[in-house]
Amino acid sequence: MSAEHHTDTVLEMKDLYVGYYKDLNILQGLNIKVQRNKITAVLGANGVGKSTALRAAFGFLKPNEGDILLEGESILPVATYNRILKGLAYIPQQPGIFKDMSVEENLELGAWTFRRDKKQIRRKIDANYERFPILKEKRKQITGELSGGQQRMVEIGRTLMAEPKVLLVDEPTAGLSKMLSQEVYEMLTVLTSQDNLTILLVDQEIRQALKIADYVYVLELGRNKFEGPASEFTDLEKAFWVEG
């Protein structure tokens, strides 16, 4: 795979060493460049550091070595709260919605950075209803009563309330049926094309990730193993991940 990656880089991880204990690094010199308004996928087996990379980017984990750049500036000293203000957003693998609240109440929670601006909140909620018409139909419904795919829509919609530039997405279809998973992947593609979002996607659904990604990194033991345009990965998919 070619290591060349000529692009307008919005988020970069440079020689990153990160672990949950100071003397035990999960990431060991990881390098990732995320293209503006593209989907960059990070793939690999369980335990290679995919989710760890997202947590470090969002500020949940402090690197032991290396740097993380957002639009060319280091964000290592920046607290998670301020990374959100700078345009980073994170959607974890486990849903973080409030299941005993309505759809609209969940969306409103995403507006905490401008919570006193009622008109802006209304505009953002209406924009989400345009993206996800089913949420408008169910806006008064308790979120826990929705399907898994619809709950993912609520979570993504709530995240988009803050108008992020870069969306960090961890295993977006974990636990969902094949049909609902397809809806979520289509949703991510639309966000890059219509909302000009940049997405860094961590996934184990290799086939689906390769279908929607523009550029791909494959990790092994916390290090870069391969990288290149998604179109170059067809043979590798058969050789490394897909049996039968």
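The values are calculated or read from the model by the stated rules, or taken from the named source; none is laboratory data. Predicted model, so just to flag it, every value in this text is computed and none were measured. Cβ placement follows ideal geometry from the backbone for every residue including glycine, while neighbour counts extend to all protein chains displayed.
Quick notes on this one:
- Positions within region 64-83 being farther than 14 Å from Leu11 by Cβ and of a type outside the set (Gly, Ala, Ser), in sequence order: Asn64, Glu65, Pro77, Thr80, Tyr81, Asn82
- Flag for Ala41 being small (Gly, Ala, Ser), touching a residue at least 40 places away in the same chain (Cβ under 8 Å) and assigned to a strand (DSSP E or B): yes
- If you go through region 53-67 and keep only what is touching a residue at least 40 places away in the same chain (Cβ under 8 Å) and within 14 Å of the chain's Cα centre (by Cα), you end up with Ala53, Leu54, Ala56, Ala57, Phe58.
- A Cβ distance below 6 Å, combined with a sequence gap of six or more or placement on separate chains, defines the contacts here; from region 12-34, residues that are closer than 9 Å to Glu65 by Cβ reach residues that are surrounded by 23 or more Cβ atoms within 10 Å (Cβ to Cβ) and among the polar types (S, T, N, Q) in the pairs Val18/Thr52.
- Residues that are over 29 Å from Arg83 (Cα atoms) and in contact with a strand residue (DSSP E or B) (Cβ under 7 Å, 6 or more places away or on another chain), drawn from region 140-180: Lys140, Gln141, Ile142
Listed here are the residues, each with its yes/no results for (1) surrounded by 15 or more Cβ atoms within 10 Å (Cβ to Cβ); (2) closer than 20 Å to Val190 by Cβ.
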{"residue": "Gly66", "(1), (2)": "yes, no"}
{"residue": "Thr80", "(1), (2)": "no, no"}
{"residue": "Arg122", "(1), (2)": "no, no"}
{"residue": "Arg131", "(1), (2)": "yes, yes"}
{"residue": "Lys138", "(1), (2)": "yes, yes"}
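- Answer residue from region 3-25, given it is at pLDDT 95 or above and of a type in the set (A, V, I, L, M, F, W, C) and is nearest to the chain's Cα centre (by Cα) among those: Leu11
- Each residue in region 73-111 was checked for being in a helix (DSSP H, G or I), farther than 16 Å from Leu168 by Cβ and either under 20 Å from the mean Cα position of the chain (by Cα) or of a type in the set (Gly, Ala, Ser) (or both), and 3 pass.
- Of everything listed in (1) under 21 Å from Leu135 (Cβ atoms); (2) crowded, with 17+ Cβ neighbours inside 10 Å; (3) without any contact (Cβ under 8 Å) to a residue 60 or more places away in the chain, the single unmet condition for Ile97 is (3).
- Filter pass, Val184 being touching a Pro at 6+ places or on another chain (Cβ under 6 Å) and surrounded by 18 or more Cβ atoms within 10 Å (Cβ to Cβ): yes
- Screening the candidates Phe132, Phe114 for the property of being under 22 Å from Leu180 (Cβ atoms) and modelled with pLDDT under 95 yields one hit, Phe132.
- Unmet criterion (only one of (1) without any contact (Cβ under 8 Å) to a residue 60 or more places away in the chain; (2) part of a helix (DSSP H, G or I); (3) out of contact with any Lys or Arg (no Cβ under 7 Å at 6 or more places or on another chain); (4) of a type in the set (Val, Ile, Thr)) for Val184: (3)
- When each of Gly157, Gly144 is tested for being over 27 Å from Met13 (Cα atoms) and assigned to a helix (DSSP H, G or I), the lone residue that passes is Gly144.
- Selection status of Leu16, in a strand (DSSP E or B), of a type in the set (A, V, I, L, M, F, W, C) and either crowded, with 23+ Cβ neighbours inside 10 Å or out of contact with any strand residue (DSSP E or B) (no Cβ under 9 Å at 6 or more places or on another chain) (or both): yes
- Evaluation of Ser74 against (1) modelled with pLDDT of 95 or more; (2) crowded, with 16+ Cβ neighbours inside 10 Å (one fails), failing number: (2)
- In region 193-244, the residues that are of a type in the set (Ser, Thr, Tyr), within 20 Å of the chain's Cα centre (by Cα) and at pLDDT below 90: Ser193
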